[in-house]
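A quick write-up on the structure given underneath.
The values are calculated or read from the model by the stated rules, or taken from the named source; none is laboratory data. The structure displayed is predicted, hence computed values, not measured ones. A quick note on method: Cβ atoms are made from the backbone with ideal geometry, for glycine too, and the neighbour counts reach across all protein chains shown. The accessibility values were calculated without ligands, DNA or RNA, using every heavy atom of the protein model including side chains. Shrake-Rupley method; radii C 1.70, N 1.55, O 1.52, S 1.80 Å.
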Amino acid sequence: MPIELDIVVSHRAQCGEGPVWDAESGTVVSVDIMTGEIFRSAFPSGETTGITYPTWVGAAAPRVGGGFVAAVTTGLVGLDEQGSVTHRADCLPEGVRFNDAKVGANGIFWAGSCAMDFAAGKGGFWRLDASWEPELVIPGLQQPNGLGWSPDGRTLYLIETQVKQVWSFPFDPATSRILHTTPTVVVDADQFAGYPDGLTIDTRGHLWIAEFGGAAVYEFAPDGTKLQTIAIPTAQPTSCAFVGPNLDELWVTSAAVGLDDDPNAGAIFRVTGLGATGIDIPRFNG
């Protein structure tokens, strides 16, 4: 089957991010960081509805029982489907915001924070469980970004965007804990012309990474070998996820900020025919 690409959501997001498949609702959840919008896009039509939070929203994910958990400028919030706040955990100082985030084993929400100007050492990697008490797991980062887990749940991957590296950590899926916080570099900076941004992982353990400024999504083997380049017809792809009932369509978000002359910028692209299947992401258990 040949690889095919089209635009599935034409909404022009300033900084579209964080797509995640929600099997229960049959929708793809994504955000526009800079406008604070959280979207649900129906599968396969791409028909999109949304709510708006009053600050930047780095990422959002569905919650058990409905609504969203969102990583925002001041901390982490729980929202119902209409956008009303049900839980709030402000944990970040002024000048720092949350960026990308994802739900992992046991419904735990993991999120990276960074300085608004991406200053080194001001970011961190956070863990949130049903107690709604955020825990800073790894301090002193710069711009922690895309994240995901190997199929057996024993490896956590995390992108540090500004240093253009993909890191791995040993992970215990039973306790949802990082076993030690010294990273192993899986993919180094020489593999990226632009900036590695969001990622997703397939059932073979392959990493699919959107390159901001590189107009591409790359497929990497678990050992960091680059296997494939998928050209995306806009300069700023931001993240990607396998979606749909069979988890076999790759939806790719993008950013329009600074690209006034690019009619495709900010759209969500659909890539089919990749021969890969994604891993189901649970809802947040809080």
Please turn the phi angles of segment 37-45 into ³J(HN,Hα) values with the Karplus equation 6.51 cos²θ - 1.76 cosθ + 1.60 (θ = phi - 60°), one per residue in order, whole Hz, x for glycine and proline. 8, 10, 10, 10, 10, 5, 9, x, 6
How large is the dipole of the chain about the Cα centre if only Lys and Arg carry +1 and Asp and Glu carry -1, each at its Cβ, rounded to the nearest 20 debye? 460 debye
Using all C-alpha to C-alpha distances in segment 226-286, build P(r) with 10 Å bins and read off the rounded percent in each one. 21, 43, 27, 10, 0
Per the 1.4 Å probe, what fraction of the accessible area of segment 129-281, in percent, lies on carbon and sulfur atoms? 48 percent
Any aspartates and glutamates whose Cα falls less than 16 Å from that of residue 122, other than same-chain ones fewer than 8 residues away, would be 94, 100, 135, 160
Just from the alpha-carbon atoms, what are the Rg and Dmax of segment 1-139 in angstroms? 15.1, 50
√(5λ) per eigenvalue of the Cα gyration tensor, segment 165-277, largest first, Å: 25, 17, 13
Options (1) 17.6, 52; (2) 28.0, 98; (3) 16.8, 50 for Rg and Dmax of the Cα atoms in Å; the value derived from the coordinates is listed as (3)
For residue 226, counting only aspartates and glutamates whose alpha-carbon sits under 17 Å away and dropping same-chain residues fewer than eight positions off, the answer is 188, 190, 197, 202, 211
Per-peptide average of other Cβ atoms within 10 Å, ordering 79-92, 273-286 highest first: 273-286, 79-92
Accessible surface, per residue, of the chain when the full set of protein chains is kept, probe 1.4 Å, Å²: 38 Å²
Placing +1 on each Lys and Arg Cβ and -1 on each Asp and Glu Cβ in the chain, then taking the dipole about the Cα centre, the residue among 23, 44, 141 whose Cα reaches farthest towards the positive end is 141
Using Cα pairs closer than 8 Å and at least 6 residues apart in sequence, work out the relative contact order for segment 22-169, in percent. 12 percent
